[in-house]
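The values are calculated or read from the model by the stated rules, or taken from the named source; none is laboratory data. Values in this document were obtained by computation on a predicted structure and should not be read as measured data. Note: ideal-geometry Cβ built from the backbone for every residue, glycine included; neighbour counts use all protein chains shown.
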Amino acid sequence: MSGLTAAINAGATSLDVDQTTIEVIGNNISNMNTTGYSQQNVQLSSYPSLTMGSFFIGQGVQVQDIQRAHDGFVTNQLQNASVGLGYANAQTDPLTQLEGVFNVTDNNIATNTDNFFDAWQQLSTDPSDLTLRSAVIQQGQNLARSFNTAAGSLDTITGNINNDITSDIPQLNSDISQIAALNQQIYSTGANGQSDNAALDQRDQLAQSLSQSLGVSTYLDNNGMMAVQLPGGLPLVQGTTAMTLQEVTNGSNVSLQLNSAGVVRNLSDSDFGGSIQGLLDVRDQTIPTALNNLNTLAYQISTQVNTQQAAGGGLDNSTGVDFFNAPASSANAAANMTVTLTDPNKVAAGAAPTGTTTVAPGDNTNALTIGNLGNSYLINGTDTFDSYYANITATIGLATSQNSLAVTGSQDAVTQLKNMQSSISGVSLQDQMVDMIQYQQAFQASAKFLSTVDEMMNTLSTAITT
Amino acid sequence: MQVTANATYSIMQNNLNQIESNLQTLQIEGSTGLSLNQPSDDPSVISPVINARQQITETGRYITTMGATTNQMQSTDTYLGSIITLLGKAQTEAQSAVNGTNSTADLSSLADQVNQIQQQMMQTANSEINDQYLFSGEKVTTEPFTTNPNYSAATYNAADSTTWPVLYNGDANQTQVEIAPSESVQTNLTGNELFLGISNSNWNGTTTAASNQPESGKVDIFTVLSQTAAAIQAGNVNNASGPGGGIENCIANLQTAANQVDGLRSQLGNQAATVTNVTTQMQSVQTDLQTTLGNYQDANSTTVFSDISNLQSAYQAALDITSQISKVSILNYM
């Protein structure tokens, strides 16, 4: 008798296992589009055999574990590639905005500079004409305004970057604390000899997202807990403890601090990687360099024109009159550039009067000199105003085109790694379908087996009763 | 290696995005006609493009300036022609006074004619274009020639320009305009040089006598005309110390005056010829610059449009394949 009962038991374990497997397959299919989900596989093992006299007879099958398909190497590589993608991607928006400020259309600071000096050239053909004199002032105002606008736009872009950083912080802190919480959960489950696959997937996903935004590196400690570090080596998650990032407003700029259990530490740009570093680099390097050059240009145009304008004489014999407001230094020269000269008579088209002489209305010598400033290599002796602008613009253009290459390159790398990860951990519909058929048939076979054993037992009991 | 639907679709998605983004870039190039729309499109050509644009603006200004200068020179030339005509007329009147017998009334009438010529000469000397005096140097708003209230034939001194019949209120500065980089032309003739026969370097102002007067080969046209009138009035044919210094002497001086004007006229003519030459040259420079600029920043429309149609075919193919993928599934066989 014990033989048939044991056979029923063994058949029953198979039914259980097949159902569990079908459940897992169902779960895999349901999650085939879930980001970060790893395909789960049922690990089967047979029950220990019992000794029947001199034979070992198996007792059925059991689910030993449900494991996720996972390759730590690919996951790590994906994390590293995400750092580069985050860095490049974050810079795209601000760099595109910068390209708008330093544009190469027919209407930029260089063309306004051309128009301004052209107005002086035009004035030289008819220096007593008040309309042409007013035109010089108007073109000067246009030029000054284009500098003001450019400087203002750079401020706006800086502000946008600060906003981006500030708005990222809550999400980052939430990700960091979630990793710490998942560490706890995974540890507790692991202590019971089980693996919490969903939690593991989720933790990997969070780590990848943090790599992309902060450039973090991760490793697993002895307890299977994920430790998360900033590129500078400062810890964000240790065991079940999560640090928090906080922002401090520093003048108009936002800087970040790391708060670890009440101890606050200032973070510098080099402590980060990923998108935050991308944003900080544009904010703290690209934009200040561009602004600095813009200020130098505005300062040089203002001072050179002022010097020459002051050296000449107006229709009213005035001399020493500034054209632009005189900047003390190049700091903020672009933002503060304005035309202070309002009276067209004071535009110094002629040579300054000497002694008792007056400025002849037809004297165009100074207008010619100022008109030619646009062609002179007045910046460091190597650049004209236009070529200096061209240099600034080319620098931005180069940064943007490099960024665009970097985005494409790192996007490709991440896509490839994701595909590789998908080929390891992703859910393949055809695999699942084939497995489903396989386990469906196993279930049918086990059921048939049970009904056969049942028949055998019936035959036996009928024989006994008769 | 297992192939998952996720990977397949993400590859298709990336490819479609890539093609769309390239297509967009080409469409921008095609619709603007420019290959340089953003600094990042080609950072290396930004400097040449901005430089070419600057030069185009400058060259355009030079061409405009030269157009205006040519007009001014032509007007000036017309006035110079009428000055010579007036001087010729005066010569004819003087010649009539010498030839044949003239009564006192005849002589007075001839002298009046010459006086009228002097009036016309004054008007010509004070002519304006666009409210600016042509012959007043840089003092374009000052009437250049006025009658000297202190003039008297008795105190006239050829060495002292302040005793001459007409005073010059302009200055001795020639207007230079730039017609090419570092190349200027003189656009006007100063009144002192043209009418008074005083070189620009000798001019010391209205109230100060000019240096080194009289200059050899040069005459004050107004003095000559005044003297001619005086000599004709007095019927003084060849008495150098008599009124007007003698008609024959005056005829010679009128010829000198005509030569003086003619000399300056041909000088101006040369300048005008230079301007015409440079204008032609600048127009060809302008065309070259436009071509250069075009080479740097213009899209090659043939390439752009063939690239667009290539990409459209690729896009079509990618879309076809994407729709085919979904048709092949294990589910069709279960």
_Being among the β-branched types (Val, Ile, Thr) and within 26 Å of residue B:305 (Cα to Cα): is that true of residue B:49 here?_
yes
*Does residue B:304 satisfy the criteria of being modelled with pLDDT of 90 or more, under 16 Å from residue B:29 (Cβ atoms) and either away from chain A (no Cβ under 14 Å) or surrounded by fewer than 12 Cβ atoms within 10 Å (Cβ to Cβ) (or both)?*
yes
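Can you find even one residue in the stretch A:173-184 that is of a type in the set (D, E, K, R), in a helix (DSSP H, G or I) and surrounded by fewer than 15 Cβ atoms within 10 Å (Cβ to Cβ)?
Scanning the stretch A:173-184, I find no residue that is of a type in the set (D, E, K, R), in a helix (DSSP H, G or I) and surrounded by fewer than 15 Cβ atoms within 10 Å (Cβ to Cβ), so the answer is no.
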*Evaluate the following for residue B:192: is it crowded, with 20+ Cβ neighbours inside 10 Å and within 14 Å of chain A (Cβ to nearest Cβ)?*
yes
*Of the residues that sit in the stretch B:3-55 and are closer than 30 Å to residue A:32 by Cβ and among the hydroxyl-bearing types (Ser, Thr, Tyr), which one is surrounded by the most Cβ atoms within 10 Å (Cβ to Cβ)?*
B:4
*Assess whether residue A:93 counts as being charged (D, E, K, R), out of contact with any Phe, Trp or Tyr (no Cβ under 9 Å at 6 or more places or on another chain), within 14 Å of another protein chain (Cβ to nearest Cβ) and closer than 24 Å to residue B:67 by Cα.*
no
*Identify the residue in the stretch A:412-439 that is polar (S, T, N, Q) and at the interface with chain B (Cβ under 8 Å from one of its Cβ atoms) and, among all such residues, is nearest to residue A:37 (Cα to Cα).*
A:422
_Of the criteria (1) touching a residue at least 60 places away in the same chain (Cβ under 8 Å); (2) of a type in the set (D, E, K, R); (3) surrounded by fewer than 17 Cβ atoms within 10 Å (Cβ to Cβ), which one residue A:204 fails_ = (3)
_Is it the case, given these coordinates, that residue B:127 is touching a strand residue (DSSP E or B) at 6+ places or on another chain (Cβ under 9 Å) and more than 12 Å from chain A (Cβ to nearest Cβ)?_
yes
*Scan (1) over 30 Å from residue B:7 (Cα atoms); (2) crowded, with 19+ Cβ neighbours inside 10 Å; (3) not polar (S, T, N, Q) for the single condition residue A:381 breaks and write down its number.*
(2)
*Can you tell me which residue among B:211, B:216, B:241 is surrounded by fewer than 23 Cβ atoms within 10 Å (Cβ to Cβ), farther than 22 Å from residue B:145 by Cβ and within 33 Å of the chain's Cα centre (by Cα)?*
B:216
_Count of residues meeting criterion [in contact (Cβ under 8 Å) with a residue 24 or more places away in the chain and in a strand (DSSP E or B)] in the stretch B:116-168_ = 7
*From the list A:263, A:305, which residue is outside the structural domain of residue A:367 (by TED's automatic domain parsing) and of a type in the set (Val, Ile, Thr)?*
A:263
*asked:* Checking the condition touching a Gly at 6+ places or on another chain (Cβ under 9 Å) and of a type outside the set (Gly, Ala, Ser), which residue from B:238, B:310 passes?
replied: B:238
_Can you pull out every residue in the stretch B:81-99 that is surrounded by fewer than 23 Cβ atoms within 10 Å (Cβ to Cβ) and either under 17 Å from residue B:270 (Cα atoms) or in contact with an Asp or Glu (Cβ under 9 Å, 6 or more places away or on another chain) (or both)?_
B:81, B:84, B:96, B:98
*Please specify each residue of the stretch A:18-28 satisfying the condition of being surrounded by fewer than 21 Cβ atoms within 10 Å (Cβ to Cβ) and of a type in the set (A, V, I, L, M, F, W, C).*
A:22, A:24
*Output the number of the condition that residue A:455 fails; it satisfies all remaining conditions of (1) within 12 Å of chain B (Cβ to nearest Cβ); (2) assigned to a helix (DSSP H, G or I).*
(1)
*Tell me which residues, restricted to the stretch A:143-154, are surrounded by fewer than 18 Cβ atoms within 10 Å (Cβ to Cβ) and either in contact (Cβ under 8 Å) with a residue 24 or more places away in the chain or β-branched (Val, Ile, Thr) (or both).*
A:148, A:149, A:152, A:153
*So residue B:77 fits all but one of (1) in contact with a Gly (Cβ under 9 Å, 6 or more places away or on another chain); (2) surrounded by 15 or more Cβ atoms within 10 Å (Cβ to Cβ); (3) touching a residue at least 60 places away in the same chain (Cβ under 8 Å); what number is the exception?*
(2)
_With the requirement that a residue be within 23 Å of residue A:91 (Cα to Cα) and buried (at least 21 other Cβ atoms within 10 Å of the Cβ), what does the stretch A:210-224 give you?_
A:210, A:211, A:212, A:213, A:214, A:215, A:216
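Listed residues A:63, A:74; which is assigned to a helix (DSSP H, G or I) and surrounded by fewer than 19 Cβ atoms within 10 Å (Cβ to Cβ)?
The match here is A:74.
Yes/no matrix, rows are residues, columns are (1) of a type in the set (A, V, I, L, M); (2) surrounded by 21 or more Cβ atoms within 10 Å (Cβ to Cβ); (3) within 14 Å of another protein chain (Cβ to nearest Cβ):
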{"site": "A:328", "(1), (2), (3)": "yes, no, no"}
{"site": "A:337", "(1), (2), (3)": "yes, yes, no"}
{"site": "A:340", "(1), (2), (3)": "no, no, no"}
{"site": "A:356", "(1), (2), (3)": "no, no, yes"}
_So, residue A:27, is that one modelled with pLDDT under 90 and either closer than 30 Å to residue A:206 by Cα or not assigned by TED's automatic domain parsing to the domain that holds residue A:435 (or both) or not?_
no
*asked:* Against the conditions (1) within 20 Å of residue A:165 (Cβ to Cβ); (2) crowded, with 18+ Cβ neighbours inside 10 Å; (3) not basic (Lys, Arg), where does residue A:248 fall short? Just the number, please.
replied: (2)
*Have a look at A:408, A:395, A:400 and point out the one that is surrounded by fewer than 18 Cβ atoms within 10 Å (Cβ to Cβ), among the hydroxyl-bearing types (Ser, Thr, Tyr) and more than 30 Å from residue A:26 (Cβ to Cβ).*
A:408
*asked:* Please determine whether any residue of the stretch A:116-133 is within 27 Å of residue B:139 (Cα to Cα), crowded, with 23+ Cβ neighbours inside 10 Å and more than 12 Å from every other protein chain (Cβ to nearest Cβ).
replied: yes
_Condition check for residue B:157: exposed (fewer than 15 other Cβ atoms within 10 Å of the Cβ), over 23 Å from residue B:126 (Cβ atoms) and more than 26 Å from the chain's Cα centre (by Cα)_ = yes
*What's the number of the condition residue B:68 fails, among (1) surrounded by fewer than 17 Cβ atoms within 10 Å (Cβ to Cβ); (2) under 30 Å from residue B:304 (Cα atoms)?*
(2)
*Verdict on residue A:140 being at negative phi and surrounded by fewer than 21 Cβ atoms within 10 Å (Cβ to Cβ)*: no
